[in-house]
Amino acid sequence: EVLAVSPSPQTSPPVRKPARPAEKVVGVVVRLEPLRGFASVLDFEADLSRAGILPVKVIVANGTGRSYEFDPRDIVLRRAGSRRRAHTLPVSAAQRMLEDANREILLAAAREAGAADGVEVDMSAIDPMAPTELGDIRTAARIIRERLLRGGLLRAAGRFEGYLYFEVAEYDRARITMIDTATGETEGFIVEF
């Protein structure tokens with residue numbers, strides 16, 4: 001008995017795009033990008049601005065032959081038109097702000113539904129992590145922690161990337177300081193928004 005097998009269609013090998021050459025970093029490059037308004041939904045699955053949280057994407061790249069001690073808590077924003085400084089929110093504070101804002105939305109909806117039905121709503125039964133128009137709070141709380149900018153020794157050709165969280169306000173610039181490990185000197189950088 002002969003078994004006939006139809007030939008499989010010829011598949012072409014995957015097309016590989018030529019690799020983009022890595023960006024040449026000269027000196028120490030510091031970039032900060034505040035995610036204002038609804039833009040935070042794309043990266044965090046929730047509208048952090050409505051909860052009073054301003055996520056700021058930070059990239060620090062070292063194109064020098066030196067090493068630096070980098071602590072993200074040393075990044076300070078300046079409120080626009082003033083000398084007032086804003087320090088980063090701890091992750092736990094940002095998560096709490098998100099939960100509190102979501103709880104308020106859920107409480108308002110529960111009160112409205114209870115008033116319409118003529119019943120009193122058990123406010124203690126409300127889950128502050130339940131999804132609302134604010135977004136997926138449970139996922140956002142996890143992402144806030146996972147994407148936090150970490151610090152440490154920024155070696156030659158090294159790079160740190162992540163987010164820091166601040167209270168929502170108008171800021172006009174940031175100050176970043178690092179310590180040159182060879183000399184012990186503090187290096188400062190100003191980034192204008």
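The values are calculated or read from the model by the stated rules, or taken from the named source; none is laboratory data. Keep in mind it's a predicted model, so treat the numbers as computed, not measured. Using ideal geometry, Cβ is built from the backbone for each residue, glycine included, and neighbour counts are taken over all protein chains shown. The accessibility values were calculated without ligands, DNA or RNA, using every heavy atom of the protein model including side chains. Shrake-Rupley method; radii C 1.70, N 1.55, O 1.52, S 1.80 Å.
Within the stretch 131-147, take every residue that is surrounded by 14 or more Cβ atoms within 10 Å (Cβ to Cβ) and in a loop (DSSP other than H, G, I, E, B) and give me the one that is modelled with the lowest pLDDT.
Pro131
Given the criterion open to solvent by less than 50 Å² (accessible area, probe 1.4 Å), of a type in the set (A, V, I, L, M) and in contact with a helix residue (DSSP H, G or I) (Cβ under 7 Å, 6 or more places away or on another chain), identify the matching residue among Ala86, Ala39, Ala61, Ala94.
From the options Ala86, Ala39, Ala61, Ala94, the qualifying one is Ala94.
In the list Asp47, Asp71, which residue meets the criterion of being among the acidic types (Asp, Glu) and closer than 20 Å to Arg159 by Cβ?
Going through Asp47, Asp71 in turn, just one is among the acidic types (Asp, Glu) and closer than 20 Å to Arg159 by Cβ: Asp71.
Scan the stretch 56-111 for residues that are assigned to a loop (DSSP other than H, G, I, E, B) and among the small types (Gly, Ala, Ser) and jot them down.
Residues satisfying the conditions are Gly65, Ser67, Ala80, Gly81, Ser82.
Just to verify a result, which residue in the stretch 160-183, among those that are part of a loop (DSSP other than H, G, I, E, B) and in contact (Cβ under 8 Å) with a residue 24 or more places away in the chain, is farthest from Ile53 (Cα to Cα)?
Ranking the qualifying residues of the stretch 160-183, first place goes to Ala182.
If you check every pair at least six apart or on different chains, which have Cβ atoms under 6 Å apart with a residue in the stretch 148-159 that is open to solvent by 20 Å² or more (accessible area, probe 1.4 Å) first and a residue that is of a type in the set (Val, Ile, Thr) second?
Short answer, once both residue conditions are applied: Leu148/Val91.
Which of the residues that make up the stretch 64-83 are among the hydrophobic types (A, V, I, L, M, F, W, C), within 14 Å of Phe166 (Cβ to Cβ) and surrounded by 15 or more Cβ atoms within 10 Å (Cβ to Cβ)?
Result: Ile75, Val76, Leu77.
Which condition does Ala113 not pass, out of (1) of a type outside the set (Asp, Glu); (2) over 30 Å from Arg66 (Cα atoms); (3) touching a Pro at 6+ places or on another chain (Cβ under 7 Å), if it passes all the others?
Here Ala113 meets the rest and fails (3).
Do you know which residues across the stretch 102-130 are open to solvent by 40 Å² or more (accessible area, probe 1.4 Å), at pLDDT 90 or above and not basic (Lys, Arg)?
Across the stretch 102-130, the qualifying residue is only Glu104.
So, Arg175, is that one under 30 Å from Phe38 (Cβ atoms), in contact with a strand residue (DSSP E or B) (Cβ under 6 Å, 6 or more places away or on another chain) and among the basic types (Lys, Arg) or not?
Answer is yes for this residue.
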